[in-house]
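This report concerns only the one structure given below.
Rule-based calculations on the coordinates, nothing more; no lab input. Please read all numbers here as calculations on a predicted model, not as lab measurements. Because the Cβ atoms are built from the backbone with ideal geometry, glycine has one as well, and the counts that use them run over all protein chains shown.
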Amino acid sequence: MFGTESSLSMFLNTLTPKFYVALTGTSSLISGLILIFEWWYFRKYGTSFIEQVSVSHLRPLLGGVDSSTPSNSNTSNGEADSNRQSVSECKVWRNPLNLFRGAEYNRYTWVTGREPLTYYDMNLSAQDHQTFFTCDSDHLRPADAIMQKAWRERNPQARISAAHEALELEDCATAFILLAEEEATTIMEAERLFKQALKAGEGCYRRSQQLQHHGTQYEAQHRRDTNVLVYIKRRLAMCSRKLGRTREAVKMMRDLMKEFPLLSMFNIHENLLESLLELQNYADVQAVLAKYDDISLPKSATICYTAALLKARAVSDKFSPEAASRRGLSTAEMNAVEAIHRAVEFNPHVPKYLLEMKSLILPPEHILKRGDSEAIAYAFFHLQHWKRVEGALNLLHCTWEGTFRMIPYPLEKGHLFYPYPICTETADRELLPTVFHEVSVYPKKELPFFILFTAGLCSFTAMLALLTHQFPELMGVFAKAFLSTLFAPLNFIMEKVESILPSSLWHQLTRI
């Protein structure tokens, strides 16, 4: 035992300061490389690489419970329902209030030089157009065959040229739609083209309506013509709303919802809610909410925040945080606060835009429910309605952060809704122009432990390397003192063992 200790002491005495410099420098370099990799992996995938490997691969080897094998059938069913809900909530939806590409998005590009739409967003729109405006029998009509190719074109000028080519053959409704959306530079010009599209679309709709029961081909044609007609009427109503003819827009939307009650995929009721709020017709807004704010129907930021606005309107003009803290909240104030908490739980990104704590950009053509894209689309059109209600933004400012105290772990458990889906950040980064917009993330990710640990290790070893290089003799003394202190408990234990065991037995054990 004493021979081993003396050899260790001799080894430490023979080490030069250069060895310590090389050792600490190498340690600093390795930990720095690990830190850089961990930071890059966290920025790209939102999680620590070491933590992910530990949970995914090392935990099962060490006897951890595999989350993929539920303990009972009830757990299995619950997880399946949660997964299905998460998938449905991460579905990308068409923005019901999307702007006009030629008259609004392109004008923004001309003025600022920035592209407000991402390639992913425009690609989704191209898929929507092919789904809504084409069918298998388009090859039978030359104009529709041209438009079927036009919707697949990536180049905007090629699409516009194809639409003009189709109009040379006949009055084609989808060709007018394309020109109104992409070539028209003003809303008035877009409205004029949509009126021409309406005339052509109604004729096609009447003809296909008479033939829809003659076979699957005619049925598909009628379904396409129905989609075209609904789209045209909805965009005409939006043109009226943008041109200040709000009452006319409301009438057109109501007639459209009455004529085609089953086509809820267009979410026309959200357009109607926005127009009614502009007219300050709050009774009709409440009637629309009573119909669509139902537990069986999918929610949206428009539904939840409009319901909160109506509740806040009843108390916001007289609301005072100081008075409320002294006397407590009244029943109406409690209802308003609960409605705000409900809305914030559904989409926690909206309040920062309504309170102008975060700058707005043009909304995308597609949104992700409960995500930053939906928050931008809602606040872009509804901020003016919140400002119009006296005290509503003040009430929101005083109460919205209380939601997060009710839901400490939003990714694992919700309060009134399902847990917040973790896929929203990735999808929003695809939908929003991250070049000039910082995507809002909820819950805000904290740096993983391993990134902090490697950062500390890198800094500590780099400091040791610098000190050893500057003061080699002094650091050598410190290193020897540290190692001797580290091995002191072991030496103490070995001395006790030597004093207890017979010397002959200890001699035999050392020989073994």
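With the simple model of a label 7 Å out from the Cα in the direction of the Cβ, R107 to R326 spans 5.1 nm. In terms of its alpha-carbon gyration tensor, the stretch 268-318 comes out oblate; a/c meets the 1.5 threshold, while b/c is at least as large as a/b.
Between L486 and L466, the C-beta separation translates, for a Förster distance of 25 Å, into a calculated FRET efficiency of about 0.65.
Can you tell me how the stretch 114-238 classifies by the Cα gyration tensor, rounded, prolate or oblate, using a/c under 1.5 as the rounded cut? Because a/c hits 1.5 or more and a/b exceeds b/c, the stretch 114-238 counts as prolate. Working note: Karplus 6.51/-1.76/1.60 with θ = phi - 60° gives the stretch 224-231 the couplings 5, 5, 5, 4, 5, 5, 5, 4 Hz, where Gly and Pro are set to x.
Here the gap between D136 and R152, fully extended at 0.36 nm per residue and compared with their Cα-Cα distance, gives a gain of 4.3 nm.
Listed values for the stretch 414-431 are Karplus-derived 3J(HN,Hα) couplings in whole Hz (6.51 cos²θ - 1.76 cosθ + 1.60, θ = phi - 60°), namely x, 10, 9, 10, 5, x, 5, x, 7, 8, 5, 4, 5, 5, 5, 5, 7, 7, and x replaces Gly and Pro. Here the alpha carbons of the stretch 364-486 define both size measures, Rg and Dmax, at 25.1, 75 Å.
Taking a sphere under 9 Å around the Cβ of D138 and counting the other residues whose Cβ falls inside, with K and R at +1 and D and E at -1, yields a net charge of 0.
Taking label positions 7 Å along the Cα-Cβ direction at both C398 and Q209, the computed distance is 5.4 nm, reported to one decimal. In terms of overall dimensions, the C-alpha atoms belonging to the stretch 265-415 reach 47, 39, 34 Å along their principal axes, ordered largest to smallest. FRET efficiency for the M357 to E219 pair, using the beta carbon distance and R₀ = 56 Å, is estimated at 0.65.
Between amide H atoms placed 1.01 Å from N, distances below 5 Å from H366 occur with N95, all of them 5 or more places distant or on a separate chain. Protection proxy ranking for 349-356, 369-376, using the average of other Cβ atoms within 10 Å per residue and placing the highest first: 369-376, 349-356.
Length, then width, then depth: along the principal axes, the Cα atoms of the stretch 203-287 run 48, 25, 16 Å. Summarising the label geometry, the points placed 7 Å from Cα in the beta-carbon direction at K496 and F478 lie 3.2 nm from one another. Take the alpha-carbon centre of the stretch 193-211, take the same for the stretch 310-332, and report the distance between them in whole Å. Result: 53 Å between the Cα centres. Rounded, prolate or oblate: which one fits the stretch 381-434, using the alpha carbon gyration tensor with axes a ≥ b ≥ c (rounded when a/c is under 1.5, else prolate when a/b beats b/c, else oblate)? Judged from the Cα gyration tensor, the stretch 381-434 comes out oblate (a/c at least 1.5, b/c at or above a/b). A simple rule links phi to the HN-Hα coupling: the Karplus curve 6.51 cos²θ - 1.76 cosθ + 1.60 with θ = phi - 60°, which for the stretch 132-140 gives 7, 10, 10, 8, 5, 8, 5, 5, 6 Hz, with x for Gly and Pro. Taking only the alpha carbons of the stretch 178-330, we obtain Rg and Dmax values of 20.3, 73 Å in that order.
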